[in-house]
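Please read the structure below before turning to the comments.
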Amino acid sequence: MGLIHKISIARAQAVFTEFFGLGRTAAAIIVLLICIGMIFAVFWFFHSAPPDTLVMTSGPEGSIFRSNAEKYAKILARNGVKLKILTSEGSLENLKRLANPSFHVDIGFVQGGVDADVKTDKLVSLGSISYQPLLVFYRSETPVDLLSELSGKRIAIGHAGSGSRTLSLSLLEANGIEPGGKTVLMDLNATDATKDLIEDKVDAVFLMGDSASVQNIRTLMRTPGIHLLDFTQAEGYTRRIAYLSKLDLPKGSIDFGKDIPAHDVHLIGPTVELIARSNLHPALSDLLIEAAQEVHGGAGLLRHKDEFPAPVSYEFAISDDATRYYKSGKSFLYRYLPFWMASLVNRILVVIVPMIVVMVPAMKMVPAIYRWRISLGIYRWYRAMLTLEQELLVQVDPVKQKELLLRLDSIEQAVNNMKVPASFAEQFYILRGHIGFVRDRLKGRGI
């Protein structure tokens, strides 16, 4: 079997060599280049495929962030992409996870204004997806108009890692309330803070959607004696703090029958951005923005229809893929084909077709170069014979004749030692015939 295998390889190599008019070395080089090209194409074909699983860092169980992530998961599943959702403490922890290259996560919700003191140069924004109102509930017999009126009170500002805690500390500091003073600032999660406010264990709570559930907010809105702070200075806050927006909660919008709230309430809050790592696959970027349009594109209490998602960001650059999507939508293939088929066709167009376009001319060029080199070798000996024959134009003595014959013999020996493929046999034998012709003339021109 070993002998038969060797004979088969030798025959195949001979056929390949003679068919293309190449020597063994040139044929081996072409075969090697083809193999390298095919290996690279196969590797890139699979490497460039969008992953079928994404990891999202969301928020605590029951939070708005978490419920939105679950909606994304259902939408992505329709396109064959699984979304793995990780619970977190909120925006701050989400940002830290995304910025940490050793933590396996692809995307996450992050509200504006969160400063995690981490490097974010490898992160991009897919756009703003919603407003994130800050809801300050307090227990008091008289209305509270300013945050500064909470000085000296017991305030639950949110647990560590939440966006509500970060924003709460900034706003309280702007009103002269800082940790360590006479005001008691308590790091409580949304559920415990809600319970303690109802039980009169705290005087005020700061809640945001990254850590609070809709149920907690509804419970506080309907509890007698507990009020939602009306930010009468909302316009001023948005002028001083760039990432904040002024929001209005209309009268009766929570419960028309009970007229909750009893009057229009001014709120402030940042936008929430969908943050991803910069190496997110373009096709998945499109899918995520498409999912965001489905989840956040409708009208709501604090947004107009089609207001979100939007290519607006404060701390992060909008990714190139997101910019392209907001301008022109999904690419042609993904617009008209199922996701898996569009991905397959796109990779064929991106990987296989360019490889063919490059390799076919290259394969044609190598034999042409090789044939040119062989022809050049043959022309070299024709040049030598022309030079020798020109010396026959004058009479030559026997010594000169002998010298010329020796030169011609060396040319003939060099030609006989040439290795040429069968495709050059005709030129080879013509050259040898011309050597004989020159020899005859040389012998006939002697004195």
Q | Rounded percent of accessible protein surface that carbon and sulfur make up, the stretch 186-321, 1.4 Å probe | A | 50
Q: Assign one of three labels to the stretch 282-331, namely rounded, prolate or oblate, based on the Cα gyration tensor with a ≥ b ≥ c the square roots of its eigenvalues; rounded applies when a/c is under 1.5, prolate when it is not and a/b is larger than b/c, and oblate otherwise.
A: oblate
Q | Residue-wise HN-Hα coupling along the stretch 176-185, computed from phi with Karplus coefficients 6.51, -1.76, 1.60 (Hz; x: Gly, Pro) | A | x, 10, 10, x, x, x, 6, 7, 8, 9
**Q.** Rounded to whole Hz, the Karplus (6.51, -1.76, 1.60) HN-Hα couplings of the stretch 278-291, x for glycine and proline
**A.** 5, 8, 4, 4, x, 5, 6, 4, 4, 4, 5, 5, 5, 5
Q: Compute the convex hull volume of the Cα atoms of the stretch 118-209, divide it by the residue count, and report the result per residue in Å³ as a whole number.
A: 125
Q: Please report how far the C-alpha centroid of the stretch 209-243 lies from that of the stretch 73-90, rounded to the nearest whole angstrom.
A: 28
Q: Using only alpha carbon pairs under 8 Å that are at least six residues apart, calculate the relative contact order of the stretch 75-172 and give it in whole percent.
A: 34
Q: Could you do me a favour and compute the accessible area per residue for the stretch 178-231, 1.4 Å probe, result in Å²?
A: 45
Q | Distant alpha-carbon pairs in the stretch 53-143 (separation over 20 angstrom), percent | A | 41
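The values are calculated or read from the model by the stated rules, or taken from the named source; none is laboratory data. If you're wondering where the values come from, they're calculated on a predicted model, not measured in any experiment. Accessible surface is based on the protein model in full, side chains and every heavy atom, while ligands, DNA and RNA are left aside. Shrake-Rupley method; radii C 1.70, N 1.55, O 1.52, S 1.80 Å.
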